[in-house]
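In what follows, a structure is listed as structure tokens, so that the remarks can point back to it.
The values are calculated or read from the model by the stated rules, or taken from the named source; none is laboratory data. Fair warning: this is a prediction, and the values are worked out from it, not measured in the lab. Glycine gets a Cβ as well: all are built from the backbone with ideal geometry, and neighbour counts include every protein chain shown. Just so you know, the surface numbers come from the protein's heavy atoms only, side chains and all, with ligands and any DNA or RNA stripped out. Shrake-Rupley method; radii C 1.70, N 1.55, O 1.52, S 1.80 Å.
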Amino acid sequence: MHYSRVMPGYDSSSRYFASTAVLLNEIIKLCVCSAVAAYDRGLRLAWIEVFSRDCWKLAIPACLYTVQNSLQYVAVSNLDAATFQVTYQLKIITTAIFSVTMLHRSLSPLKWMSLLMLTLGIALVQLPHDIISIVASSFSLTLRLTGGSDDESETAKAEHHSLEGEDAMNRTLGLVAVLIACVLSGLAGVYFEKVLKGTNASLWVRNVQLSFFSIFPALFIGVLWKDGASIAEEGFFFGYNAVVWTAIGFQAGGGIVVALCVNFADNIAKNFATSISILISFIASVYFFDFVVTANFVLGAILVLIATYLYSKPDRRSSTVRTQNKGEYRPVPLQSTASEDISPRSPRPPLGAFNEKMQ
């Protein structure tokens with residue numbers, strides 16, 4: 001995705017329109033999810049479930065996700081892939097904040113500590129150049145190898161090369177874009193959970209609804225209003241090539257895989273996927289884009305990975321109850337999760353049954 005926006009031979013006047021990529025991304029997801037939903041539920045039943053009475057509620061998160069996808073293209077156009085991938089984990093913080101304020105959830109001290117660690121890690125990644133080595137050298141803590149003057153000159157050349165490569169990118173604009181995208185991601189995710197809590201629609205039906213409602217802002221706001229004049233002059237597929245189509249395919253496929261991961265994968269798999277994605281982005285940035293590895297980036301990325309693992313780690317509760325059917329103990333869910341439907345009318349076992357069992 002990043003390479004499609006900065007590949008050589010293309011400048012701002014010959015590059016493809018990001019609004020068309022966002023629209024095609026939603027159309028691909030709509031077609032794939034519609035086919036699977038029709039196969040899974042049947043064409044008639046899938047149609048009824050997709051266009052149910054409350055389907056309009058998904059229009060709000062769909063619009064938010066569309067704007068978020070557009071901002072991602074702005075961010076990857078102005079940030080290297082590794083920095084974008086690490087900074088984008090800020091969506092964990094925004095999701096936690098909206099969960100506390102909108103869903104009235106309470107976070108454990110471990111989760112708050114992980115959020116603080118995540119903020120520190122992202123801040124380190126965003127610091128300019130190798131700030132850690134600069135601070136260390138100011139206190140005479142930098143370890144100097146034999147021929148230190150040559151090493152210093154090589155470091156200066158590398159930093160100069162990095163600055164020359166970043167001249168075409170606006171780092172501030174990229175950072176602002178990814179920050180807004182993280183806020184929209186957290187808000188859309190929590191709103192989606194709040195609206196759909198307790199419903200029994202399938203995963204594919206919900207994705208069809210999201211993609212369907214996402215097409216309207218992508219078409220009318222992005223393609224027609226924002227880039228309408230340029231598209232009418234140059235054409236819808238202006239600037240497209242194999243790299244652009246591959247990026248769009250990965251983006252659409254990634255959205256579907258994320259939905260599957262949220263529903264079927266456990267926390268270990270999610271953490272593993274996040275770590276692998278950051279590692280791949282880091283290696284690709286070094287190999288393809290001459291990304292200069294700095295101490296603050298490595299330390300910040302490690303903190304982000306650790307914080308992601310700690311935040312996703314389930315809280316352990318010591319409270320246990322004895323089941324009525326078997327003489328076994330199981331933990332009591334003291335805090336409802338996103339998939340639970342807790343209501344005052346839920347059947348509760350009589351306390352006397354536990355007293356009789358204990359006697």
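Summary of computed values
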read-out	value
Segment 27-136 - percent of accessible surface contributed by carbon and sulfur, probe 1.4 Å	74 percent
Relative packing of peptides 252-258, 236-242 - highest average C-beta neighbours within 10 Å first	252-258, 236-242
Solvent-accessible surface (1.4 angstrom probe) belonging to residue 13, in square angstrom, nearest 10	80 Å²
Total formal charge among the other residues, if their Cβ is under 13 angstrom from that of residue 97, Lys/Arg +1 and Asp/Glu -1	+3
Surface accessible to a 1.4 Å probe, residue 57 within the full protein complex, Å²	70 Å²
Cβ-based net charge around residue 250, under 14 Å, with every Lys or Arg adding one and every Asp or Glu removing one	+2
Between segment 191-236 and segment 279-312, the Cα center-to-center distance that results, in Å	31 Å
List 26, 233, ordered by accessible area with a 1.4 Å probe, largest first	233, 26
Per residue value of the accessible surface for segment 164-249 (all protein chains in place, 1.4 Å probe), Å²	51 Å²
By accessible area with a 1.4 Å probe, ligands and nucleic acids excluded, highest first: order of 225, 245, 56	225, 56, 245
